[in-house]
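The structure appears right after this line, and notes come after that.
Computed from the coordinates by the stated procedures, all read-outs in this text should not be read as laboratory data. Please read all numbers here as calculations on a predicted model, not as lab measurements. Cβ coordinates were reconstructed from backbone atoms using ideal geometry, including for glycine residues, and neighbour counts include every protein chain displayed.
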Ligand code: 6GU
């Protein structure tokens with residue numbers, strides 16, 4: 001997968017050199033290209049923002065540098081990417097969205113700062129490519145950079161060969177299938193007793209069926225405690241008779 005990121009702070013993306021995503025980039029599974037938006041300005045101050053029409057607080061990103069930057073990124077002629085614009089006004093980024101994006105060959109992220117990017121930029125590119133305005137949650141960040149780090153990590157770990165263990169994707173909280181809308185339960189490793197606290201006996205029993213049942217019960221309990229609204233959305237077909245008793 002190719003990912004282009006346009007930002008006035010490309011240094012925000014240094015963590016993409018590290019760990020799973022860093023390894024995927026070294027192997028070529030993931031081709032991340034960073035671009036400095038100010039490289040497409042032409043004034044001595046390298047201006048990217050201006051005051052909002054209609055008045056109001058803050059600054060808005062000018063369409064000109066964005067148009068030149070995006071034209072230049074798109075010109076590399078590797079087909080048509082999806083353009084993703086992080087904004088608290090966007091549609092929610094979920095595991096389902098991450099899965100869908102992980103199937104794309106090419107994503108371009110346009111990181112806004114201040115009050116956002118002049119809306120004509122999204123209108124213009126929306127006529128040429130799929131454009132998604134996406135939010136990572138109901139809070140406001142200072143800019144889209146951290147949201148893009150979140151999305152690149154969530155999407156990148158779903159690419160074939162990025163995770164050591166393919167099963168762990170299927171068992172993720174929010175993964176489609178049996179665990180859809182359920183949070184993962186608690187996990188344990190050695191030693192079997194730590195500071196007098198024992199690992200739940202069932203996990204040492206070797207009864208795979210009973211362990212799977214226990215894990216599902218714990219997932220239901222944790223979901224009920226931390227995210228009760230998710231239980232309300234559970235697909236009745238994925239609830240079995242024993243689930244209803246938990
Ligand atoms: Cl995608 N961007 C910004 N600036 N703030 C956010 C966000 C995105 N998602 C939640 N808050």
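The angle separating the long axis of helix 63-74 from the principal Cα axis of greatest extent in the chain is about 70 degrees. For the stretch 53-141, the square roots a ≥ b ≥ c of the C-alpha gyration tensor eigenvalues yield an a/c of 1.5 or more together with a/b not exceeding b/c, which makes the shape oblate.
Using only the C-alpha atoms, the convex hull of the chain corresponds to 189 Å³ per residue. Highest mobility in the GNM of the chain, judged by mean-square fluctuation with C-alpha springs under 10 Å and restricted to 16, 83, 231, is found for 231.
State the antiparallel share, in %, of DSSP beta bridges confined to the chain, rounding to the nearest 5.
Once the DSSP bridges in the chain are tallied, antiparallel ones form about 20 percent.
Shown for 138, 71: other C-beta atoms within 10 Å of each C-beta, ranked fewest to most, produce the order 138, 71.
Comparing 175, 219, 232 in a Gaussian network model of the chain where C-alpha atoms under 10 Å apart are linked, the largest mean-square fluctuation is found at 232.
With neighbours defined as other Cβ atoms within 10 Å of a residue's Cβ, the residues 29, 51 order from fewest to most as 51, 29.
Full extension of the chain between residue 68 and residue 187 yields a length gain of 37.9 nm, computed as 0.36 nm times the residue separation minus the alpha carbon distance. Where the centroid of each part is defined by its Cα atoms, how far is the stretch 209-233 from the stretch 102-154 in Å? Computed from Cα coordinates, the inter-centre distance equals 33 Å. If the chain linking residue 31 and residue 201 were pulled fully straight, counting 0.36 nm for each residue of separation and taking away their Cα-Cα distance, it would gain 56.7 nm. With the simple spin-label model, which puts each label point 7 Å out from Cα in the Cβ direction, the residue 77 to residue 140 separation comes to 4.4 nm.
Model label points for residue 129 and residue 99, set 7 angstrom from Cα along the Cα-to-Cβ axis, are 2.5 nm apart. Rg and Dmax of the stretch 167-245, both derived from C-alpha coordinates alone, stand at 13.7, 41 Å.
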